[in-house]
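The values are calculated or read from the model by the stated rules, or taken from the named source; none is laboratory data. Quick caveat, the model's predicted, so the values are computed rather than measured. Using ideal geometry, Cβ is built from the backbone for each residue, glycine included, and neighbour counts are taken over all protein chains shown. Each accessible area value is taken on the protein alone, full model and side chains, heavy atoms only, with ligands, DNA and RNA left out. Shrake-Rupley method; radii C 1.70, N 1.55, O 1.52, S 1.80 Å.
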Amino acid sequence: MVRVHDGQLVLAPKAQDFFAKVEFAPGDGKGGEALRLYPDPTGRQVVLDPLLGFGAPVVRNTRTANLYELWAAGDSIAGIAEVYELPDADVEAAVRYEARLREQEETAA
């Protein structure tokens, strides 16, 4: 938290970013528990939810890693979307998310 000139407490930008990515259960005014996380800063298609895909990143209950692997093997976004009955935008979000994850893993190694 950061205190601004008038005594108001506000969240630091990193904390604001975190809270924008988390969906909380309704609470009693104090906030509920974290239900799911939306890790992709460009959209809310990708979700981490312990009740979906055992907590692995998914779009509409389909693991993003599976969609990425099909795309990396040469399948088209439209073809993958048709097979999984997903909007093209959801498949694109999954591929974009997984590509970013893999890039970060390579950079860290």
Exactly one of (1) surrounded by fewer than 15 Cβ atoms within 10 Å (Cβ to Cβ); (2) under 28 Å from Pro13 (Cβ atoms); (3) at pLDDT below 90 is unmet by Asp40. Its number? (1)
Among the residues of segment 74-105, how many are part of a loop (DSSP other than H, G, I, E, B) and of a type in the set (Ser, Thr, Tyr)? 1
Of the residues Pro39, Pro13, Pro26, only one is in contact (Cβ under 8 Å) with a residue 40 or more places away in the chain and not charged (D, E, K, R); which? Pro39
Does segment 55-73 include one or more residues that are modelled with pLDDT of 95 or more, outside any strand (DSSP E or B) and open to solvent by 90 Å² or more (accessible area, probe 1.4 Å)? yes
Filter segment 43-54 for residues that are out of contact with any helix residue (DSSP H, G or I) (no Cβ under 7 Å at 6 or more places or on another chain) and surrounded by fewer than 17 Cβ atoms within 10 Å (Cβ to Cβ); the one that is nearest to Glu98 (Cα to Cα) is Arg44
Considering each residue of segment 76-86, count those that are under 20 Å from Ala56 (Cβ atoms), open to solvent by less than 90 Å² (accessible area, probe 1.4 Å) and out of contact with any strand residue (DSSP E or B) (no Cβ under 7 Å at 6 or more places or on another chain), and give that number. 2
Looking at (1) out of contact with any strand residue (DSSP E or B) (no Cβ under 9 Å at 6 or more places or on another chain); (2) modelled with pLDDT of 95 or more, which one does Val47 not meet, given that it meets all the others? (1)
Which numbered condition Ala94 misses (of (1) surrounded by fewer than 17 Cβ atoms within 10 Å (Cβ to Cβ); (2) under 13 Å from the mean Cα position of the chain (by Cα); (3) touching a residue at least 40 places away in the same chain (Cβ under 8 Å)): (1)
